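The structure appears right after this line, and notes come after that.
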Amino acid sequence: MFQIQTPQTLQLAYLPTPFNHQRHRDPAAFRLSSASSTTPTVPFSTTNKNSLIQSLCKKGQLKRAIHLLPHEQNPTQHTFELLIQSCAHHKSLSDAFTVHRNLIDNGFAEDPFLATKLINMYCELDSIQHARQVFDEITHRTVYVWNAILRALSLLGYGEEALSLYKRMNRIGMRSDRFTYTYALKACVVSESVPFSLWRGKEIHAHVLRHGYESHVHIMTTLVDMYAKFGCVKNANLVFSSMPVKNLVSWSAMIACFAKNGRPFEALELFREMMLDSGDMLPNSVTMVSVLQACAALSALEQGKLIHAYILRKGLDSILPVMSALITMYARCGELDLGENVFNQMDKKDIVSWNSLISSYGIHGLGTKALTVFQEMVQLGISPSPISFISVLGACSHSGLVDEGKILFDSMVKKHRIRPSTEHYACMVDLLGRANRLDEAAKLIADMRDEPGPEVWGALLGSCRIHCNVELAERASRQLFELEPMNAGNYVLLADIYAEAKMWDEVKRVKKLLEAKGLQKLSGCSWIEVKRKIYSLKSVDELNPQIEQLHALLVKLSKEMMEKGYVPETKVVLYDLDTDEKQRMLLGHSEKLAVAFGLINCSKGETIRITKNLRLCEDCHSFTKFISKFTNREILVRDINRFHNFRDGECSCRDYW
DNA sequence: CTAGGGTTAG
């Protein structure tokens with residue numbers, strides 16, 4: 001049902017290749033027949049057309065150059081080099097085959113220089129089979145040829161194959177050079193079997209050091225990136241710090257590493273260090289993208305605005321990745337309008353810009369708007385990508401648009417011919433589960449063709465948490481404990497569900513399980529930006545100089561609000577305690593501390609903006625609703641999933657989150 | 001023939 005042929009497979013079925021025909025055609029005969037049909041007189045000098053072919057290539061007239069090729073008795077290596085480059089540039093596989101065939105006919109099949117060029121050309125044309133064929137058929141392989149095939153394999157995603165060739169290279173005693181190492185490291189990154197590939201990467205790291213490349217900027221930067229992609233921030237940082245010479249790319253790689261691995265604060269810190277300490281290093285668009293991601297993660301609006309100003313000043317505002325990152329930054333900082341402005345002012349947009357806008361509406365709970373924009377995009381003839389669907393389905397989920405989501409999911413398969421990934425299923429399970437249609441969600445999982453990934457079971461478990469379904473939660477967590485045994489969040493969710501069902505023995509059992517694995521519950525943390533500085537608040541935090549004051553304010557407010565009808569949701573406390581103790585614990589939640597901090601430190605009338613690292617608990621949610629009315633303040637809270645805009649006793653999520 | 005970047009995610 002989902003076997004969609006890629007254009008490439010289709011092409012290979014009918015296009016001529018240098019290998020399946022005309023291979024042994026007599027070059028002289030070929031020249032004769034074509035000369036008689038297209039050149040009745042003799043328009044060119046018969047001595048040497050090499051220079052003519054070469055200049056046609058340089059002028060981009062590939063077809064004419066190829067046409068002349070049979071007229072040349074002795075095409076040179078340089079002529080073929082230019083022809084190959086031209087084919088790669090024009091992305092023409094059929095011309096590539098013609099040139100390749102002629103090259104073989106002219107006796108260049110064993111030329112390692114041209115073999116390298118051919119491999120690079122086929123790589124550019126996304127045809128790994130033909131690149132591999134060139135490699136397999138040449139007997140004299142220089143290190144250039146090896147590097148070219150490693151490059152092609154890694155670039156096109158065949159990490160395992162590249163690594164096995166790298167192994168073979170070592171086995172036969174072919175010496176690696178600086179290029180070999182970078183490609184081999186890239187191969188580790190794209191390789192499928194993750195833990196194993198990291199191990200291979202470390203092995204190559206050792207080879208690099210053994211051969212004295214420890215101060216080679218490119219290799220070291222690739223190493224930083226490799227560790228970053230595996231989430232080994234510590235190793236990446238060790239390599240980065242050890243580099244005697246760093247350039248902009250190295251700094252950007254390390255900043256990206258922090259930004260992508262949940263360490264946005266360190267990303268901004270390193271960026272600052274780069275600007276201050278490294279003299280002449282000027283950030284470019286790539287650097288800015290990572291910095292914007294860090295701002296987005298932190299909800300650091302003022303920082304983000306400074307970066308925006310810098311982008312405008314440096315004229316980086318026509319670069320699409322920068323603009324998409326800006327849209328996302330503004331949206332994630334709570335400034336949906338500013339993100340919309342950025343989008344509207346772009347004169348060129350691509351699918352990623354649209355996806356940024358759609359997901360912006362999603363996290364702000366504007367599901368209908370996300371749907372409208374999605375449809376507008378489709379009507380403009382832009383094909384949605386798999387990520388477009390994740391974004392728009394996520395938006396439906398946050399707004400409870402169940403039927404709309406189901407229609408979309410259906411259209412994704414039938415109309416847009418996108419095979420749903422495990423992430424898409426996770427979105428659907430979330431959509432159904434959140435809407436308390438847990439059985440339907442379970443059925444969807446049961447009907448999946450592929451093995452459901454952890455995201456899917458995680459979505460189910462999360463929904464079970466919201467609707468307190470013990471039985472289904474047990475089923476989901478059994479799968480999760482196998483698929484991701486070291487993810488503390490799953491144990492915590494299950495324990496939460498047991499606690500809400502007052503099954504205290506089970507709570508204890510799950511907590512023991514958690515401890516036995518040496519895992520810890522991720523503690524709640526909220527933060528708030530006041531005058532360009534970010535303050536983080538944790539529930540247990542004696543170091544905070546204002547903690548007494550914050551507690552006192554919360555106790556006072558809570559008492560007053562309880563008289564007006566606020567009822568603490570003590571059921572969210574995971575411990576078997578009496579009501580008073582539970583209420584006291586509730587007041588210690590980081591989000592409430594942040595609210596209190598905002599009330600004290602933000603000026604009157606200013607919106608209080610808070611970000612939290614976990615999902616907002618029911619009690620904080622109802623507490624903040626009351627506070628917004630009671631103190632007449634607008635409070636904007638971003639939790640792990642989405643925004644809550646509290647105003648006059650109501651929340652923008654309409655209690656559906 | 002080398003290195004770093006955008007959108008999604010329970």
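Computed from the Cα positions only, the extents of chain A along the three principal axes stand at 103, 55, 51 Å, in decreasing order.
At q = 0.16, 0.17, 0.29 Å⁻¹, what is the base-10 log of I(q)/I(0) for segment A:204-264 according to the Debye formula with one equal point scatterer per Cα and no solvent? Please give it to two decimals. Result of the Debye calculation: -0.42, -0.48, -1.24. Residue A:324 sits among other residues whose Cβ lies under 15 Å from its own Cβ, and their net charge, with Lys and Arg +1 and Asp and Glu -1, is -1. When peptides A:340-348, A:149-157, A:406-414, A:366-374 are sorted by average Cβ neighbour count within 10 Å, with the highest value leading, the order is A:149-157, A:366-374, A:406-414, A:340-348.
For segment A:526-651, the convex hull spanned by the alpha carbon atoms encloses 103 Å³ per residue. Remark: chain A carries a charge dipole of roughly 1220 debye about the Cα centre, counting +1 on each Lys and Arg Cβ and -1 on each Asp and Glu Cβ. Taking every C-alpha pair closer than 8 Å and separated by at least 6 residues, the mean separation divided by the residue count of chain A gives a relative contact order of 6 percent.
For chain A, the share of accessible area belonging to carbon and sulfur comes to 54 percent (1.4 Å probe, ligands and nucleic acids excluded). Computed on segment A:420-516, with alpha-carbon pairs under 8 angstrom and 6+ residues apart, the relative contact order is 23 percent.
From the convex hull of the Cα coordinates of segment A:420-516, what is the mean projected area in square nanometres? Walk me through the numbers before you get to the answer.
Working: hull surface 22.0 nm².
Over every viewing direction, the Cα hull of segment A:420-516 projects on average to 5.5 nm².
Kirkwood hydrodynamic radius computed over segment A:163-206 comes to 10.5 Å, based on all pairs of distinct alpha carbons.
Along the axis of the charge dipole computed for chain A (Cβ charges of +1 for Lys and Arg, -1 for Asp and Glu, origin at the Cα centre), the listed residues A:153, A:472, A:438 are led at the positive end by A:153.
Rounded to the nearest 5, what is the percent of antiparallel bridges among the DSSP beta bridges in chain A? Provide the component values of the computation, followed by the final result.
Values: 15 of 19 bridges.
Approximately 80 percent, going by the DSSP bridge assignments.
Using the Cβ of residue A:303 as centre and a radius below 11 Å, the other residues enclosed give a net charge of +2, where K and R count +1 and D and E count -1. Looking at segment A:307-364, what % of the alpha carbon pairs are farther apart than 14 Å? Taking all Cα-Cα pairs of segment A:307-364, the fraction more than 14 Å apart is 47 percent. Each peptide in A:182-195, A:629-642, A:111-124 gets a packing score, the mean of other Cβ atoms within 10 Å over its residues, and the list from highest to lowest is A:111-124, A:182-195, A:629-642.
Amide hydrogen proximity for residue A:525: with H placed 1.01 Å from N in the peptide plane, the residues at 5 or more positions away or on another chain lying under 5 Å are A:613, A:614.
Per residue, how much accessible area does chain A show when a 1.4 Å probe rolls over the protein heavy atoms, in square angstrom? Could you put the intermediate results ahead of the total?
Details: 31900 Å² over 657 residues.
Roughly 49 Å² per residue, with all protein chains present.
The Cβ shell under 11 Å around residue A:281 holds other residues with a net charge of -2, Lys and Arg each +1, Asp and Glu each -1. Only DSSP H runs of four or more residues enter the estimate; each adds -39500 (n - 2.57), and after division by the residues of chain A the mean residue ellipticity at 222 nm equals -20000 deg cm²/dmol. For the pair residue A:211 and residue A:607 in one chain, pulling the backbone fully straight at 0.36 nm per residue adds 136.8 nm over the alpha carbon distance.
The C-alpha atoms of chain A define a longest principal axis, and helix A:386-399 lies at about 10 degrees to it. One chain, two ends: residue A:337 and residue A:647. Fully extended at 0.36 nm per residue, the span grows by 109.8 nm beyond their Cα-Cα distance. Taking every alpha-carbon pair in segment A:524-588 and binning the separations at 10 Å intervals from zero gives 18, 43, 32, 7, 0 percent. Gyration tensor analysis over the Cα atoms of segment A:211-339 returns equivalent ellipsoid semi-axes of 27, 15, 12 Å (largest first, whole Å).
The values are calculated or read from the model by the stated rules, or taken from the named source; none is laboratory data. No experiment lies behind these values; they were computed from the predicted model shown. With ideal geometry, Cβ positions are generated from the backbone for all residues, glycine too; neighbour counts draw on all protein chains shown. For accessibility, only protein heavy atoms count, side chains too; no ligands or nucleic acids. Shrake-Rupley method; radii C 1.70, N 1.55, O 1.52, S 1.80 Å.
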